[in-house]
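Okay, handing you the structure first.
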Amino acid sequence: MNLIFIGPPGAGKGTQAETIVRACGIAQVSTGDIIRAAIRSQTALGIEFKKYADAGVLVPDDLVNRLVEARLVQPDCAAGFLLDGFPRTIPQADWLQQSLAKSGLRLEHVLVLDVADSAILERITGRRSDPITGHIYHLRFDPPPPHIVDRLVHRPDDTEAVLSKRLREYHDKTAPLVDYYERLGLVRRIDAVGSLHDVSRRILTVLGVPPSVPA
Ligand code: AMP
């Protein structure tokens, strides 16, 4: 099963992706995570990415496409993948269509996580990730165990100032993808407001994953 997640920053893509890939036995492909790993390792590409990520603007399409191309040929993607944070622009989506067609692959569902801009600020500013497990917590909605709080990381772009730029990028460049995939009959809209568990259940129901699988 090959899936795409589309949603604004703070819609819960990364958190929900963890549950979905476990339940479906597919690989999570998060361009944001790949980009942050390159930034941490201070590769030449990472130093270039940092300028864009810190400013809350999108990295140029050809650079991201190349990251995804290299990732999708990894063995864990053979059983299927969930693209989390890609594509983010129409040219990226065009590139993906061509690349999948060349490999004889197709997308099954494009999951659009619906959440209003007004609900996003609190979600983003309270978000903390665990560098050891990769798990994303929220200080209020999904509090971390006290003994790991000191090691948690607050993303530099998860601030109010950068968020408004990221939201503008989303509405200008990424939201048009909903119509793009609607024309291909692939869009499944998910109400992403509610508890993590409720949203996971909604997604798994759309995917037809049996309710016996823990969400
Ligand atoms: P995310 O964790 O998905 O919010 O991504 C964090 C940052 O990485 C974004 O603000 C962009 O600078 C960059 N990024 C991630 N995915 C993409 C993409 N598909 N296209 C361009 N830039 C991206």
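The values are calculated or read from the model by the stated rules, or taken from the named source; none is laboratory data. Predicted model, so just to flag it, every value in this text is computed and none were measured. FYI the Cβ positions are ideal-geometry reconstructions off the backbone, even for glycines, and counts take in every protein chain you see. These area figures cover heavy atoms from the full protein model, side chains too; ligands, DNA and RNA do not enter into them. Shrake-Rupley method; radii C 1.70, N 1.55, O 1.52, S 1.80 Å.
If you place +1 on the Cβ of every Lys and Arg, -1 on the Cβ of every Asp and Glu, and leave all else neutral, what size is the dipole of the chain about its Cα centre, to the nearest 20 Debye?
Values: 26 positive and 26 negative charges, 37 e Å.
Dipole magnitude for the chain comes out near 180 debye.
Here is a further query. For segment 141-215 and segment 84-103, what is the centre-to-centre distance using only Cα atoms, to the nearest Å?
Their Cα centres are 20 Å away from one another.
How much accessible area per residue does segment 114-177 have, counting only protein heavy atoms and a probe of 1.4 Å, in square angstrom?
57 Å²
Mind listing the long-range amide H neighbours of SER30? Cut-off is under 5 Å, sequence gap 5 or more, other chains count too, H placed in the peptide plane at 1.01 Å from N.
Correct list: ASP84.
Among residues other than ALA53 whose Cβ falls under 14 Å from its Cβ, what is the net charge (Lys/Arg +1, Asp/Glu -1)?
+2
Which cross-chain or sequence-distant (5 or more) residues have an amide H under 5 Å from the amide H of PHE81, H modelled 1.01 Å from N in plane?
Under 5 Å from the amide H of PHE81 lie the amide H atoms of ASN2, LEU3, ALA27, each far enough along the sequence or on another chain.
Mind giving me the nanometre distance, one decimal, between the label points for VAL73 and ARG22, set 7 Å out from Cα along Cα→Cβ?
About 3.2 nm separates the two model spin labels.
Follow-up. Divide by every residue of the chain the summed helix terms, -39500 (n - 2.57) for each DSSP H run of at least 4, and state the resulting mean residue ellipticity at 222 nm, rounded to the nearest 500 deg cm²/dmol.
Numbers: 9 runs with 95 residues, N = 215.
Mean residue ellipticity at 222 nm (helix-derived): -13000 deg cm²/dmol.
If each residue of separation counts as 0.36 nm, what is the full-extension length gain between HIS147 and SER41 once their alpha-carbon separation is subtracted?
Contour length minus the Cα-Cα distance gives 35.5 nm.
Within segment 120-157, what residues put their amide N at less than 13 Å from the label point 7 Å along the Cα-to-Cβ vector of ASP54?
Correct set: 156-157.
Between ALA93, TYR181, THR31, whose Cα lies farthest towards the positive end of the dipole of the chain when Lys and Arg beta carbons carry +1 and Asp and Glu beta carbons carry -1, centred on the Cα centre?
THR31
Given axes a ≥ b ≥ c from the Cα gyration tensor, I'd like to know whether the chain is rounded (a/c under 1.5), prolate (a/b larger than b/c) or oblate.
Cα axes put the chain in the rounded bin.
Related question: Percent of accessible area on segment 23-82 owned by carbon and sulfur, 1.4 Å probe?
Values: 1740 of 3030 Å².
Ligands and nucleic acids excluded, carbon and sulfur reach 58 percent.
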